[in-house]
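Colleague: I'd like to ask you about the structure that follows.
The values are calculated or read from the model by the stated rules, or taken from the named source; none is laboratory data. Source: prediction; values computed, not measured. Glycine gets a Cβ as well: all are built from the backbone with ideal geometry, and neighbour counts include every protein chain shown. Remember, those area values only see protein heavy atoms, side chains included, never the ligands or the DNA or RNA. Shrake-Rupley method; radii C 1.70, N 1.55, O 1.52, S 1.80 Å.
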Amino acid sequence: QVQLVESGGGLVQAGGSLLLSCAASGSFSRVDDMGWYRQAPGNQRELVAVISSGGSTNYADSVRDRFTISRDNAKNLVYLQMNSLKPEDTAVYYCNAEIAKVAGPFSFQYWGQGTQVTVSS
């Protein structure tokens, strides 16, 4: 059973920082892209940042230059360093990964349970 488990959410004042972590566990062959999404109340889930297994990154315009995504391939971990947080960053943050359970060209999307990030003004 593949699982993604997030940690690191919480309450922070505007201008502060938080580090989110996500660990992939279980039996699988490889992990391809890993990323972070967020969903605020009344809004659709949106991409925050994604990183390939080779380290290429992509960010939403709203977080570029404030957030940094990174990963540890050996430990199947992905991180999201969030700096200069704003109240509009308040949301549930979800870890996402494309994981191949067996060797081959196909991988499937998995989601973590989500972690709440609240930024007070």
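Colleague: Below 13 angstrom from the Cβ of GLY9, what's the summed charge of the other residues (Lys, Arg +1; Asp, Glu -1)?
Modeller: Net charge in that neighbourhood comes out at -1.
Colleague: Right, next: When the accessible area of the chain is split by element with a 1.4 Å probe, what percent falls to carbon and sulfur?
Modeller: Whole-percent figure for carbon plus sulfur exposure: 48.
Colleague: Also: Between ALA49, ALA103, ALA24, which gets the highest mean-square fluctuation from a Gaussian network model of the chain, Cα cutoff 10 Å?
Modeller: In this elastic network of the chain, the residue with the biggest mean-square fluctuation among ALA49, ALA103, ALA24 is ALA103.
Colleague: Still on this model: Once the cut-off is 20 Å, how many percent of the Cα-Cα pairs in the chain end up in the long-distance tail?
Modeller: Distances greater than 20 Å cover 38 percent of the Cα pairs.
Colleague: Further question: Tell me, what is the per residue accessible area of the stretch 1-92 in Å², probe radius 1.4 Å?
Modeller: Spelled out: the 1.4 Å probe surface of the stretch 1-92, per residue, equals 52 Å².
Colleague: Here is a follow-up. Provide the convex hull volume over Cα atoms per residue for the stretch 2-49, in Å³.
Modeller: 110 Å³
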